[in-house]
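The values are calculated or read from the model by the stated rules, or taken from the named source; none is laboratory data. Note that the coordinates shown come from a computational prediction; the quantities given were computed from them, not determined experimentally. Neighbour counts are summed over all protein chains in view; Cβ atoms, including those assigned to glycine, are modelled from backbone coordinates with ideal geometry.
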Amino acid sequence: MYSIGLMSGTSMDGIDAALIETDGTPMMLQSIAHFSLSYDASFALLLKATEYAIKQAKGNLRNANASYHESLSQYLQNTLCLTGTKLTQTIIQLYDYLKIAYKTTPIQIEDVVKHSTHQHALAVNALLEKTGLSATQIRVIGYHGQAMFHQPHEKISIILGNGQSLANQLTIPVINDFRSQDIATGGQGAPFAPIYHQALAIRDKKIPLAVVNCGGIANITLINGEQNSDLIGFDTGPGNGLVDSLIRQRTAGTAFMDKDGHYGKKGVVHPEVLQALYAKSIFKNNQNYFSLPPPKSLDYGDLRLIPEVQALSLEDAARTLEAFTADSIIKSVLALNIPPPRHWVLAGGGWQNPVILEEMTTRLKSYLDKKITINTADEVGWSSTAMEAELFAYLAVRSLHKLPISFPNTTGVRAPSCGGTYFPPQQ
Ligand SMILES: Nc1ncnc2c1ncn2[C@@H]1O[C@H](COP(=O)(O)OP(=O)(O)OP(=O)(O)O)[C@@H](O)[C@H]1O
Ligand SMILES: CC(=O)N[C@H]1[C@@H]2OC[C@@H](O2)[C@@H](O)[C@@H]1O[C@H](C)C(=O)O
């Protein structure tokens, strides 16, 4: 059957929509097409501010909503250092973007959800147009939604998006809310990619294999066989999240990534700052994330730009953070004390930063032996950009068939677990 997956990841740069044909197993799994919708700068800023508001309210949506306008202003002041007229102008511009009357109507999180859901509908329509398919030919849409706050030890994972509204707008059944059931039964609620990475590896006879997704956060799948129990998966640490925050901050929000490694290329790694990043940048439930064994998962808000990074030039700070991404991915595998994989496949937008890619290949070859192979997903015939969207298309079909999507060694869930909530279109 045809299934469309929609992913709007932690870097909040846009939506990936992917069409696959599958029965939810590696036996029938075919990537067909992909469409990326980039957010306007205003909407990307609104999403970041919403994330900030929800974090300030510790995941309590009602409280976050009550103080949303204030949080928006605080976010712009604290994170982008905007003040005075520039601050007011930016706030008015964000209200205007959502067509809300600045003077009379306080902005609500629901306004952002509504716009986000509609953007996802636009992404699906663009994909349908590109493929020449009609809505009636699509059996289901797997809709991840926009992750905002993920603290599974408190059983909270807030992912915004209105599944029913999306189903109605597109007249296609939608499945969303993939992570709740896993968290309710003892899991981290992430990562879910392992079952899809394994399906690709089985189909293309690539086992054993490591697949690393690098987005805002980085996660790894180690695949040692064809059984569910042959999978290990966890979030390793930052993908591009820290370097994105650095750039956003130092450019007062005018840029939000180190495009093509522009800054990092001109910088050098400061080893003492790299050490400080391991010691201080990520704490989960008051514990240093890097000392925790898997299963484990991260929230974007867990990533902290430490003062030692702030003291560096932009070029050196970017380079050191880019090295940290690569180094922490590799060290997290070495810490498992199992024979490291020989074949590595790299997926996700993060590898489009050539400095991260170079740090990864150099460090992998120096930590492990020189015989390992490292390829981008595109090089092995998979799609680096579409992979996570394809994952949710695949999970939606597995959810329809009541097949498990998460496992004890990937999320820590007590037993293999299904998930997702089904929304048939309503008039
Ligand atoms: N040309 C480029 N140069 C540098 N970095 C890039 C480039 N293209 C993409 N990126 C990085 O990739 C990130 C987006 O990757 P991706 O879309 O895979 O992340 P995501 O899906 O939002 O995050 P996650 O996987 O954590 O949910 C951007 O935030 C940016 O840092
Ligand atoms: C809570 C959440 O949305 N987590 C994301 C995030 O982005 C990367 C990493 O952290 C991964 O654990 C997960 O997404 C992918 C799609 C996953 O579930 O595999």
*Output the number of the condition that S3 fails; it satisfies all remaining conditions of (1) more than 20 Å from Y300 (Cβ to Cβ); (2) surrounded by fewer than 23 Cβ atoms within 10 Å (Cβ to Cβ).*
(2)
*Scan the stretch 226-240 and give yes if some residue there is part of a loop (DSSP other than H, G, I, E, B), within 16 Å of ligand 2 (Cβ to nearest atom) and over 21 Å from K331 (Cβ atoms), otherwise no.*
no
*Return a yes/no flag: does the stretch 266-288 have any residue that is assigned to a loop (DSSP other than H, G, I, E, B), of a type in the set (A, V, I, L, M, F, W, C) and surrounded by 20 or more Cβ atoms within 10 Å (Cβ to Cβ).*
no
*Considering I109, I20, I91, I100, which residue is more than 26 Å from the chain's Cα centre (by Cα) and touching a residue at least 12 places away in the same chain (Cβ under 8 Å)?*
I91
_Please return the ranges of strands (runs of 3 or more DSSP E) entirely within the stretch 1-88 where 3 or more residues are more than 25 Å from A252 (Cβ to Cβ) and small (G, A, S)._
14-25, 28-38
*Selection from the stretch 135-159 of residues that are in contact with a helix residue (DSSP H, G or I) (Cβ under 7 Å, 6 or more places away or on another chain) and surrounded by fewer than 19 Cβ atoms within 10 Å (Cβ to Cβ)*: A135, K155
*Output for the stretch 42-77, where each listed residue is surrounded by fewer than 16 Cβ atoms within 10 Å (Cβ to Cβ), out of contact with any Phe, Trp or Tyr (no Cβ under 7 Å at 6 or more places or on another chain) and of a type in the set (S, T, Y)*: S67
*Go through the stretch 290-302 and give me each residue that's part of a helix (DSSP H, G or I) and surrounded by 21 or more Cβ atoms within 10 Å (Cβ to Cβ).*
Y300, D302
*Would you check which residues across the stretch 334-362 are more than 10 Å from ligand 1 (Cβ to nearest atom) and within 20 Å of the chain's Cα centre (by Cα) and list them?*
W344, V345, L346, M360
_Can you find a residue that is within 11 Å of ligand 1 (Cβ to nearest atom) and crowded, with 24+ Cβ neighbours inside 10 Å anywhere in the stretch 249-257?_
no
*How many of the residues making up the stretch 175-215 are part of a loop (DSSP other than H, G, I, E, B), of a type in the set (S, T, N, Q) and under 18 Å from the mean Cα position of the chain (by Cα)?*
1
*asked:* Name the single residue that is modelled with the highest pLDDT among those in the stretch 110-164 being in a strand (DSSP E or B) and of a type in the set (S, T, Y).
replied: Y143
*Taking the stretch 23-63 as the region of interest, how many residues are small (G, A, S), in contact with an Asp or Glu (Cβ under 7 Å, 6 or more places away or on another chain) and free of Cβ contacts under 8 Å to residues at least 60 places away in the same chain?*
1
*asked:* If I ask for residues that are touching a helix residue (DSSP H, G or I) at 6+ places or on another chain (Cβ under 6 Å), hydroxyl-bearing (S, T, Y) and part of a loop (DSSP other than H, G, I, E, B), which ones from the stretch 381-427 would you list?
replied: S384, T410, T411
*Residue within the stretch 270-291 that is hydroxyl-bearing (S, T, Y), within 16 Å of ligand 2 (Cβ to nearest atom) and in contact with a helix residue (DSSP H, G or I) (Cβ under 6 Å, 6 or more places away or on another chain) present*: no
*In the set I4, I91, I15, I109, which member is away from ligand 2 (no atom under 16 Å from the Cβ) and either under 18 Å from L391 (Cα atoms) or touching a strand residue (DSSP E or B) at 6+ places or on another chain (Cβ under 9 Å) (or both)?*
I109
*Tell me, yes or no, whether the stretch 361-380 has at least one residue that is modelled with pLDDT of 95 or more and among the basic types (K, R).*
yes
